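The values are calculated or read from the model by the stated rules, or taken from the named source; none is laboratory data. These numbers were taken from a predicted model, which means no experiment stands behind them. Every residue, glycine as well, gets a Cβ built from its backbone with ideal geometry; the counts of neighbours run over all protein chains shown. The accessibility values were calculated without ligands, DNA or RNA, using every heavy atom of the protein model including side chains. Shrake-Rupley method; radii C 1.70, N 1.55, O 1.52, S 1.80 Å.
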Amino acid sequence: DGGITQSPKYLFRKEGQNVTLSCEQNLNHDAMYWYRQDPGQGLRLIYYSQIVNDFQKGDIAEGYSVSREKKESFPLTVTSAQKNPTAFYLCASSISGGTTDTQYFGPGTRLTVL
Amino acid sequence: GNSVTQMEGPVTLSEEAFLTINCTYTATGYPSLFWYVQYPGEGLQLLLKATKADDKGSNKGFEATYRKETTSFHLEKGSVQVSDSAVYFCALVGKAAGNKLTFGGGTRVLVKP
């Protein structure tokens, strides 16, 4: 089955630690995205990538980093510089990042900072 | 910049009631419009979309029409079920950098038996 997988489902981190969230897709999509969702709020874009080895900052990139070494993978690192990292993180992909393309979402990773 | 405004919830309904969730947007040019649904603890699923004015998106009994004159994309369902309880997000993709999705704040819908 084609789809987007995210791991782990739940992640706990101590303050001052970096953590990496995994996102993999086998849809052969060029574009991939990372969003953050806080309780009772909509999604905010962290980073996006429209092609391998290239990515751009979204609206709230501070304290996060990404890489896109392979088409199917777009890991997100939450660094110790992110002041309030506790949130639900969603990865998405689309065919090419075009205006009419549908973005397909993974099941999400819930990160809690202890 | 682009923005999406949708009615705040929660919206509480009885089964078989009519559901409307209002959504209005601000964007330059001609954006594509989407409704996504999120069930508890899960990611978002596309419910329906419309890519040009007067298009009607429909799926699972839900409908929304792209109204450029009123910059709206209201979601409707004629008879809701308990299984429709979820959070609904209106979103648009415009010709901004990266053609990124801009989301509304979400509307929680609770359908009671």
>> Of the conditions (1) among the aliphatic types (A, V, I, L, M); (2) facing chain B (nearest Cβ under 7 Å); (3) under 10 Å from the mean Cα position of the chain (by Cα), residue A:43 satisfies every one except a single condition; which number is it?
In response: (3)
> Residues B:80, B:109, B:87: which one is surrounded by 20 or more Cβ atoms within 10 Å (Cβ to Cβ) and in contact with a helix residue (DSSP H, G or I) (Cβ under 9 Å, 6 or more places away or on another chain)?
Replying inline: B:109
>> Restricting to segment A:57-114, give me the number of residues that are among the charged types (D, E, K, R) and within 14 Å of chain B (Cβ to nearest Cβ).
In response: 5
>> Given (1) aromatic (Phe, Trp, Tyr); (2) over 12 Å from the mean Cα position of the chain (by Cα); (3) modelled with pLDDT of 95 or more, identify the lone condition not met by residue A:34.
In response: (2)
> Of the residues in segment B:1-43, how many are open to solvent by 50 Å² or more (accessible area, probe 1.4 Å), within 11 Å of another protein chain (Cβ to nearest Cβ) and closer than 15 Å to residue B:81 by Cα?
Replying inline: 1
>> Against the conditions (1) in contact with a Ser or Thr (Cβ under 8 Å, 6 or more places away or on another chain); (2) closer than 24 Å to residue B:91 by Cα, where does residue A:98 fall short? Just the number, please.
In response: (1)
> Quick one: what pairs do we get from segment B:37-66, first residue more than 22 Å from residue A:44 (Cα to Cα) and among the aliphatic types (A, V, I, L, M), second part of a loop (DSSP other than H, G, I, E, B) and open to solvent by less than 50 Å² (accessible area, probe 1.4 Å), C-beta under 9 Å, 6+ apart or different chains?
Replying inline: B:53/B:66; B:64/B:73
> Do any strands (runs of 3 or more DSSP E) lying entirely in segment A:14-114 carry at least 1 residues that are open to solvent by 60 Å² or more (accessible area, probe 1.4 Å), and which ones are they?
Replying inline: A:19-25, A:43-51, A:54-57, A:109-113
